[in-house]
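J.: Take a look at this one; I'll ask things after.
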Amino acid sequence: MGAGRKTFSYDVDTRTEPFPLASFEASQRNLGDELGGCIFGCTHETYEECVNGLVFGLPRPHWCYVQHIKKGMPIFLFNYNSRQLHGIFRAVSDGDWKINPHGWVGHTNRETQYPSQVQVEVYSKCPPLDQADYYQIIKNCYYPENSGHRNKMMFELRKVEAQNLCRAFDRAAGVVNANSRPQPVPRSALPAGVPGPSAAAAPSPPVAPKSAAAMGPPKAAPVAAAAPAAAAPKAAAAAAGKAMENGSAAGGWEVMAGAKKAKGNAWGAGADKAVEPVSNGEASSSKASAAKEPAAPATPPATPKATASDPGYKEENNAFDAASKSSSGSQSAAAPGPPSTRSSSNPPPDRTPVAGASSDIDSKMSAVHAAVSAVDTAAADALWHCLSSMTNQMQSCMRENALLLHGMRALKVENSILKCEIAGVRRDTSRVGAAVNLEIPAESPALNNLPPTFLSKTIQDIYLLGGHNGGAWLDSMHKYTPAYRSISDVGKMPFARGYGGAAIIGRSIYIVGGGDGASWLQTAVRYDIDTKEWFQISDMEKVRGSLAVAALDGRIYAMGGGQPGVNHDSIEEFSPDVNTWAPGPKMGAQRFTTAGATLGSAIYITGGFDGVQYLNSVEMLDPRVGHWQSVAPMAHKRGSHVCTVVDHDLFVIGGWDAKDYLAGVEIFDVRSGAWRTAAPMAAPRAYGAAATVDGSVFTLGGMQSQVHNETVERYDAASNRWKMETVPVPDAVKRAFLSACVVDAY
């Protein structure tokens, strides 16, 4: 490391940094006003962001010279991975601080680690230069071999170094585009003694040559002069190469002169002092002849040149060819090759030219070259205006595109919100149609102007859990939504289960006891409705199938049940907070294939099988009292039935009485303590499920005469009638020995 230089390192994400900071030395050449250009860094990962965003950045310590970058200076981009140099870029702003405050940080909102920035534009799109191509030009930017920082460079460029880099880029572009971009006529192609075109010379019409008869024999051309002229291109190329190695001389096109020079200083201060370029392979004349010969106007790289196919050029070239052929018959005056190629293989006729013919040729040649140069300059000027306008438009489009993308993201969020609101409105309107028993689709405009009082109810789903479909025990779950008359698959339980009971606390469904066709169970599980996850909870003390399950005051009650030959009169209480089952007060009778429900602040249990007969007795448990109390019995004995609650009424529906499948319905009014009979179902069923949604009672599935039922019936209290509901997927309802519960959908 050089004396007095300090190493800076940063802890950043190497995936998004423009170049590897760990190996970077923040040193300066302290060029000050001599700064003629600058190199910025990138990697493969950040190259696209640099060239697409057209903002280059360096770490904080480089601000000492980045602040001296002026609008118009040449800028280059160095790729640390490939060690290639990209160009040519031009600064469209002075060196500034945090033009892009979040550059090269990926998809985060972190502050950039490269605040010393400049905004650029593409001046000339050229192939990148390898290190072998640019090393000799900027070798003074590299650390000395004995400094311990081999192959590391400083990024400040002197004016002559920046100019020579531009020429090197242009030479690379000229090689790549040699077949597609016509090259101008080099001055070395002019015949000996013919001066180059003057920048101020105006084209003049060709003068008709004198007749061949008036021309005498030409003077003998000095053959010895051909050898030095032929050696001139090689000498010029060698001199240019040597000067390039010294970092001072020119080669290739002068990109800072020509058409753009008329606009002012295209590359900032000092650009007008650029040395005159010499084309590749061009013959270099002596200093004396160069002093007498006017300088040809330089041409920017990649500028289209007039060729023989252009109408303007063709007319003048033909005039020149006619003049040269008629004047002496020699092809040397119009031949574009070096002097060595214009030998005496075609000897001139034995005639002597008329005095003044040479000056006519010189004048015509000057006029032709001036016209060609004028066309080149005008074309370059027009092309520069076009490219500048296109670049500005592209940058404007990119900024507008960024704003549009941001707006599109916001619109997507708003669109998602609107979709949710529309879905909610459709659900509400569909529910209203169901509430008034109308077959109105959710999208119908007929319900758009309903009063808001009709939309105050909550949508509820009936979850159907497990059971048997006549062929296998089920682990499937489906939900039936009466408001939509739809049924959908919710998922699967951890295992197949039937003969169990289900209850809901909060947003969790508890499934207790039952059997799987091979054994009877004492296990219990919990299903989280929102996360759709299953959890194992503590086992009950006893095996219980065909039991009654109810929830009250945040606790689960498992009542009666058992297994073939074993009937229970005991109950167990589950506390979710401590995940523990505890015994509760015993019932007045053993009850297998029983059913119960929560009504008010008490739990009611009805019917069942006590091991001897089916029962019609009913008991009530108020946890505050702590024991079971008998209430009025039902009119009919039954087991394998279902219970549900509507307002203050307890519905007991269907079942089996050891002889028949039942369709009868009994209703217990808790206020009067009396039973009444309701209209029977359209079809008898046992081992089914019942639920109450929006004040309506629904019965689903079950069995009828050993046949699995796939229908849904709804009880209309106003007309005291049961009506069959449309089920879009009957197979989902076709199940017996299932559990069911009601869940608020929204």
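J.: Quick one: which residues, 5 or more positions from Arg158 or on another chain, have an amide H under 5 Å from its amide H? H modelled 1.01 Å from N in the peptide plane, none for Pro or chain starts.
T.: Gly36
J.: Continuing with this model, one more query. Taking θ = phi - 60°, what integer Hz values does the Karplus form 6.51 cos²θ - 1.76 cosθ + 1.60 yield along the stretch 72-86, in sequence order, with x for Gly and Pro?
T.: x, 6, x, 10, 10, 10, 9, 8, 5, 6, 8, 6, 9, 10, 10
J.: To the nearest 0.05, how large is the calculated FRET efficiency for Gln67 and Lys532 if R₀ is 60 Å and r is the Cβ-Cβ distance?
T.: 0.50
J.: Can I ask one more? Limiting things to C-alpha atoms, what are the Rg and the maximum Cα-Cα separation (Dmax) for the stretch 458-744, in angstroms?
T.: 17.1, 47
J.: For a label point 7 Å from the Cα of Ala658 along Cα→C-beta, name the residues of the stretch 595-618 whose backbone N is under 15 Å from it.
T.: Within reach of a label on Ala658: 607-617.
J.: While we're here: What does the charge count around Val712 come to, taking other residues whose C-beta lies under 14 Å from its C-beta (Lys +1, Arg +1, Asp -1, Glu -1)?
T.: +1
J.: Then there is this: Give, as a single signed number, the net charge of other residues whose beta carbon lies under 11 Å from the beta carbon of Ile605, with Lys and Arg counted +1 and Asp and Glu -1.
T.: Once positives and negatives cancel, what remains is -1.
J.: Taking the Cα centre of each part, how many Å lie between the stretch 699-739 and the stretch 575-621?
T.: 25 Å
J.: Which net charge results when you count Lys and Arg as +1 and Asp and Glu as -1 among the other residues whose beta-carbon is under 14 Å from that of Asp660?
T.: Once all neighbours under 14 Å are counted, the net charge is +3.
J.: Search the structure for amide H atoms under 5 Å from the amide H of Thr46, placed 1.01 Å from N in the peptide plane, and list their residues when 5 or more places away or on another chain.
T.: Placed amide hydrogens put nothing under 5 Å from Thr46.
J.: How much FRET efficiency would the formula 1/(1 + (r/R0)^6) give for Phe495 and Asn401, where r is the Cβ-Cβ distance and R0 is 51 Å, rounded to 0.05?
T.: 0.40
J.: Something else: Pull up all non-local amide H partners of Trp104: gap of 5 or more, or a different chain, and H-to-H distance under 5 Å with H placed in the peptide plane.
T.: The list, which skips near neighbours in sequence, is empty: none.
J.: Just the number, please: Stokes-Einstein D of the stretch 21-175 in µm²/s, Kirkwood Rh from C-alpha pairs, 25 °C, 0.890 mPa s.
T.: Estimated diffusion coefficient is 157 µm²/s.
J.: While we're on this one: Once each part is reduced to its C-alpha centroid, what is the distance from the stretch 502-516 to the stretch 530-566 in angstrom?
T.: With the stretch 502-516 and the stretch 530-566 each reduced to a Cα centre, they are spaced 7 Å.
J.: Report ³J(HN,Hα) in whole Hz for each residue of the stretch 396-409, in order, from the Karplus equation J = 6.51 cos²θ - 1.76 cosθ + 1.60 where θ = phi - 60°; Gly and Pro get x.
T.: Coupling constants for the stretch 396-409: 4, 5, 5, 5, 5, 5, 4, 5, 5, 4, 4, x, 5, 4 Hz.
J.: With θ taken as phi - 60° and the coefficients 6.51, -1.76 and 1.60, list the Karplus ³J(HN,Hα) couplings across the stretch 711-716 in order, rounded to whole Hz; mark glycine and proline as x.
T.: These are the phi-based 3J(HN,Hα) values: 10, 10, 10, 10, 8, 9 Hz.
Read the figures in this text as sums done on the coordinates, not as results from a lab. Note that the structure is a prediction, hence the values are computed from the model and not measured. No Cβ is skipped: glycine too gets one built from the backbone with ideal geometry, and neighbour counts run over all protein chains shown.
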